[in-house]
1. Under a 1.4 Å probe, what is the accessible area of region 47-183 per residue, stated in Å²?
2. Would you work out what percent of the accessible area of region 47-183, with all protein chains in place, is carbon or sulfur (probe 1.4 Å)?
3. Thr53 to Asp161: extension gain in nm, 0.36 nm per residue of separation minus the Cα-Cα distance?
4. What distance in nm lies between label points placed 7 Å from Cα along the C-beta direction at Asp63 and Asp125?
5. Report the dimensions of region 47-183 along its three principal axes from the alpha-carbon atoms, largest first, rounded to Å.
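The values are calculated or read from the model by the stated rules, or taken from the named source; none is laboratory data. Note that the coordinates shown come from a computational prediction; the quantities given were computed from them, not determined experimentally. Every residue, glycine among them, receives a Cβ derived from its backbone with ideal geometry; neighbour counts consider all protein chains shown. Please note that ligands, DNA and RNA were not included when accessible areas were found on the heavy atoms of the full protein model with its side chains. Shrake-Rupley method; radii C 1.70, N 1.55, O 1.52, S 1.80 Å.
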Amino acid sequence: MPRTHLRRAALVTAALLPTLALAACGDDEKVGAKPDLPSETPALWNPCDALDTAFVKAQFGIDATEHAGTPTKPECRFTPAEGSGDAVITSNYLLFPGTLDQAWRTMGQGADADVRTPSVEQADDARVVVNATKEQLYVTGFVQNGDLIQQVDVVDPAPYDEKRVVRGVVATLTTLSTHAAETGAGADPSASPG
């Protein structure tokens, strides 16, 4: 997909970041319905291009089925066998013409939130939010490459291995960032080649 299409879509999707991020952090009651994108919006990116079931097995230790969404809603989801009690991993993206730090300030994270800033290769910025409850573990990660911000969500019912899940999320962010850098996704089309 040409970079000019990524830039054009940034205007359409920039407003979605706060809504999607808050929904991903687990407080659905405070977030309204997601706005519909125009039906002609093409798929610009699919995290499943960089992720697969072998990666999920290696990082999270689960046998999962991959679901790549639809051409206009390319959400990448990995679901375990029904009744296994294993984690569900979801990844999606959006385009935002600012920095992850600027977007982060609109997300309304509480002062007591467990927010980590891992070093992710080839990324402009990254964040991981960990919310461990007695019943389940929620981990959400964000990685920015230019205008492309990719998100990874893991929901793992108890008993869970928090350290492994967080390591898996960081490994997923790294894989997504590397793929974005290799394909030039999120790059500013007005920037001169280096």
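1. Values: 6470 Å² over 137 residues.
In whole numbers, region 47-183 has 47 Å² accessible per residue.
2. C and S atoms contribute 48 percent here.
3. On the way: separation 108, 0.36 × 108 = 38.88 nm, distance 1.93 nm.
So the chain would gain 37.0 nm between Thr53 and Asp161.
4. 4.2
5. Sorted from largest, the Cα extents of region 47-183 read 41, 37, 26 Å.
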